[in-house]
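Trainee: Before anything else, here's the structure in question.
The values are calculated or read from the model by the stated rules, or taken from the named source; none is laboratory data. In this text the structure is predicted, and so the values were computed from the model without any measurement. Every residue, glycine as well, gets a Cβ built from its backbone with ideal geometry; the counts of neighbours run over all protein chains shown. Surface areas here come from the heavy atoms of the whole protein model, side chains and all, with no ligands, DNA or RNA. Shrake-Rupley method; radii C 1.70, N 1.55, O 1.52, S 1.80 Å.
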Amino acid sequence: MNILLIEDDTIETMKLQRTVSKLQLKHSIIEAKNGEEALSLLQAPNDLPDIILLDLNMPRMSGIEFLKIVKADEKLKYLPTIVLTTSENRADLLECYKIGIAGYIIKPLKYEDYELKLQTVLSYWNINELVKA
């Protein structure tokens, strides 16, 4: 799978890379530091990612602002977008689902819990028919 990770925290990016490597997954990870950079990548003529992992709390453009733009775009609106965040704010969760996300994962503090959550999410999307379509 091709995964677009939108994350401004270098440690969180390294954590995802480490998890994918440790689990020996053959996924390709494209990184964007913020929503603006991600939109530029998505407008390029290259292949679109299979899924997007999105942090909500970012500079320049919040994850929710990014979601509103992507879900309003005819070409991009069907990309499965999974929020990967520290925000336990119920209003954020409800707003994201209203906009059209495919999942909302709260980043756990313990690495082992993070690894388990990521393994579960990536395993699910690896076999999901939407990604294959």
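Trainee: Quick one: 3J(HN,Hα) in Hz for region 75-83, Karplus 6.51/-1.76/1.60 with θ = phi - 60°, rounded, Gly and Pro as x.
Mentor: 7, 9, 5, 8, 5, x, 10, 10, 7
Trainee: I would also like to ask the following. Rule-of-thumb check for region 11-89: C-alpha Rg over 2.2 N^0.38 Å?
Mentor: That works out to 1.12 for region 11-89.
Trainee: Under 5 Å between amide hydrogens, which residues at least 5 positions from M61 or on another chain qualify, with H placed 1.01 Å from N in the peptide plane?
Mentor: Those lying under 5 Å, H to H, from M61 are G35, E36.
Trainee: Let me ask you something else. Could you provide, to the nearest whole Å², the per residue accessible area of the chain with probe 1.4 Å? Don't skip to the end; give the middle numbers.
Mentor: Details: 7360 Å² over 133 residues.
Computed with neighbouring chains in place, this is 55 Å² per residue.
Trainee: Right, another one. Determine the dipole magnitude for the chain: charges of +1 sit on the beta-carbon of Lys and Arg, -1 on that of Asp and Glu, nothing else is charged, the reference point is the Cα centre, and the result goes in debye to the nearest 20.
Mentor: 260 debye
Trainee: Sticking with this structure for a sec: What relative contact order, as a whole-number percentage, does the chain give when Cα pairs under 8 Å and 6 or more residues apart are counted?
Mentor: It comes to 22 percent, rounded to a whole number.
Trainee: Report, by chain and number, residues whose modeled amide H sits under 5 Å from the one on I30, excluding near sequence neighbours (fewer than 5 apart, same chain).
Mentor: Placed amide hydrogens put I3, L4, L5 under 5 Å from I30.
Trainee: Here's a follow-up. Could you give me the ³J(HN,Hα) list for region 17-25, computed from phi with Karplus coefficients 6.51, -1.76, 1.60 and θ = phi - 60°, whole Hz, x at Gly and Pro?
Mentor: Couplings: 4, 4, 5, 4, 5, 4, 7, 6, 8 Hz.
Trainee: What number, in nm² with one decimal, is the all-direction average of the projected area of the convex hull of the alpha-carbon atoms of the chain?
Mentor: Mean projected area for the chain: 7.6 nm², to one decimal.
Trainee: Nearest-5 percent of antiparallel DSSP beta bridges in the chain?
Mentor: 0 percent
Trainee: So who's got an amide H within less than 5 Å of the one on V83, skipping anything under 5 residues away but keeping other chains? H placed 1.01 Å off N, in plane.
Mentor: Close amide H contacts, sequence-distant or interchain: L54, A102, G103, Y104, I105.
Trainee: Only sites in a loop by DSSP and with at most 10 other Cβ atoms within 10 Å count here; which GluC sites (Glu not before Pro) in region 1-81 make the cut?
Mentor: Details: sites: E7, E12, E31, E36, E37, E65, E74; in loops: E7, E74.
Passing sites in region 1-81 are E74.
Trainee: Among I30, L109, Q119, whose Cα lies farthest out toward the positive end of the dipole of region 2-126, if unit charges sit on the beta carbon of Lys, Arg (+1) and Asp, Glu (-1)?
Mentor: The listed residue farthest towards the positive side: Q119.
Trainee: For region 52-69, what does the Karplus curve 6.51 cos²θ - 1.76 cosθ + 1.60, with θ = phi - 60°, yield as ³J(HN,Hα) per residue in whole Hz, taken in order and with x for Gly and Pro?
Mentor: For region 52-69, the Karplus curve yields 10, 9, 10, 7, 8, 8, 9, x, 6, 8, 5, x, 5, 4, 4, 4, 4, 5 Hz.
Trainee: If I compute solvent accessible area with a 1.4 Å probe over the protein chains, what percent of it on the chain is carbon and sulfur?
Mentor: Looking at the chain in its full context, I get 53 percent from C and S.
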